[in-house]
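Please read the structure below before turning to the comments.
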Amino acid sequence: MLKLFALFLKTENPANTESMKRKYAAKMKQFIQRCELPEELHDLAMEKGKITAILFITIFIEKKKPKGQWPEFKENYYNDKGAEYDSILKVIEQEKLDSFHNYIR
């Protein structure tokens, strides 16, 4: 929350030029998207789990043909978001290392 507030203040600073405001607005937007990503992944996983459970019950217990399946576009979206999340974690780890090395110098 503190980082978001700092980015907001930098974005809305009246002393900044328009290019600086755009730069910090883009950073703030990226920060918000990164914060929302884990929750979105969780929601998709829960939805996928419910559909999987329903399919299991329909096929094996009720011996019927399944109706609602997990659509391919959602599977692709879920996989893309998972890959994005993994890449963000790698970037964060690298930023931690860089910050630590700069601190030691």
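Which members of segment 1-47 meet the condition of being among the hydrophobic types (A, V, I, L, M, F, W, C) and outside any helix (DSSP H, G or I)?
Once the filter is applied, which keeps residues that are among the hydrophobic types (A, V, I, L, M, F, W, C) and outside any helix (DSSP H, G or I), segment 1-47 yields Met1, Ala15.
Just need a number here: residues in segment 73-105 that are in a helix (DSSP H, G or I), without any contact (Cβ under 8 Å) to a residue 24 or more places away in the chain and not acidic (Asp, Glu).
Within segment 73-105, residues that are in a helix (DSSP H, G or I), without any contact (Cβ under 8 Å) to a residue 24 or more places away in the chain and not acidic (Asp, Glu) number 18.
Restricting the search to segment 17-66, which residues are over 17 Å from Ile88 (Cβ atoms), at pLDDT 90 or above and surrounded by 12 or more Cβ atoms within 10 Å (Cβ to Cβ)?
Within segment 17-66, Met20, Lys21, Arg22, Lys23, Tyr24, Ala25 qualify.
Would you please name the residue that is modelled with the lowest pLDDT, looking only at residues in segment 67-105 that are of a type in the set (Gly, Ala, Ser) and in contact with a helix residue (DSSP H, G or I) (Cβ under 8 Å, 6 or more places away or on another chain)? Explain how you work it out, then say what you get.
Step one: filter segment 67-105 for residues of a type in the set (Gly, Ala, Ser), giving 68, 82-83, 87, 99.
Applying the additional criterion that residues be in contact with a helix residue (DSSP H, G or I) (Cβ under 8 Å, 6 or more places away or on another chain) yields 68, 82.
Details: Gly68: 59, Gly82: 91.
Going through the qualifying residues, I end up with Gly68.
The values are calculated or read from the model by the stated rules, or taken from the named source; none is laboratory data. All figures in this text were calculated on a predicted structure; none of them were measured in a lab. So basically every Cβ, Gly included, is an ideal-geometry build from the backbone, and we count neighbours across all protein chains shown.
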